[in-house]
Structure formats: C-alpha cells, structure tokens
C-alpha cells in the first residue's frame, strides 16, 4: 500500500525561543507570510512551502533544530 501513496508535502516543525521575532525574521529575510498562530505554535508560508514553529524555552534545542529548503535561483539574480 505504501508504494501506491503519493507524498505531497512535508512540513518541518522547528523550535523557536520567541515566536514573534521568529515570524518577523522569516518574513523580512525570506519573504514568508504568517499563515496562522495559535498560542505557542505558528506557521509561515511562501510559494507552497510551509514552516511551523513551536515555542521552546530550551536554547540548546532551539539552536540545534533545522531543515533544508532548496531554492531555484532566478536568472535576474545570477552574477554575470
């Protein structure tokens, strides 16, 4: 059965020390928009890619969680 199932998305859930500055960072640096926020959990989205964040008071956990997002470079921004 598993080989017949089509995977359509994976959404990373990352630890954040503070939700508000985290959402602001992803918006200002990477162009994501806030999709939702519920208490200590929030998500952003850009071009169908979502990242979720949970509030974590442990700095070690928050600083050591990550995900990889592959980006196709635009021809307008490629050095000549």
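For the chain, the relative contact order is 32 percent, taking Cα pairs closer than 8 Å that sit 6 or more residues apart in sequence and dividing their mean separation by the residue count. Only bridges whose two residues both fall in the range 8-74 count here: according to DSSP, what percent of them are antiparallel, nearest 5? Given both bridge residues lie in the range 8-74, the antiparallel proportion sits at roughly 75 percent. Taking packing as the residue-averaged number of other Cβ atoms within 10 angstrom, the listed peptides 38-48, 17-27, 63-73 run from highest to lowest as 17-27, 38-48, 63-73.
A Stokes-Einstein calculation at 20 °C with viscosity 1.002 mPa s, built on the Kirkwood radius of the range 26-68 over Cα pairs, returns a diffusion coefficient of 189 µm²/s. Three principal axis extents describe the C-alpha atoms of the chain; from largest down they are 46, 42, 24 Å.
Bear in mind these aren't lab numbers, they're just calculated from the coordinates by the rules spelled out. Note that the coordinates shown come from a computational prediction; the quantities given were computed from them, not determined experimentally. Positions of Cβ are backbone-derived with ideal geometry, glycine not excepted, and every protein chain shown enters the neighbour counts.
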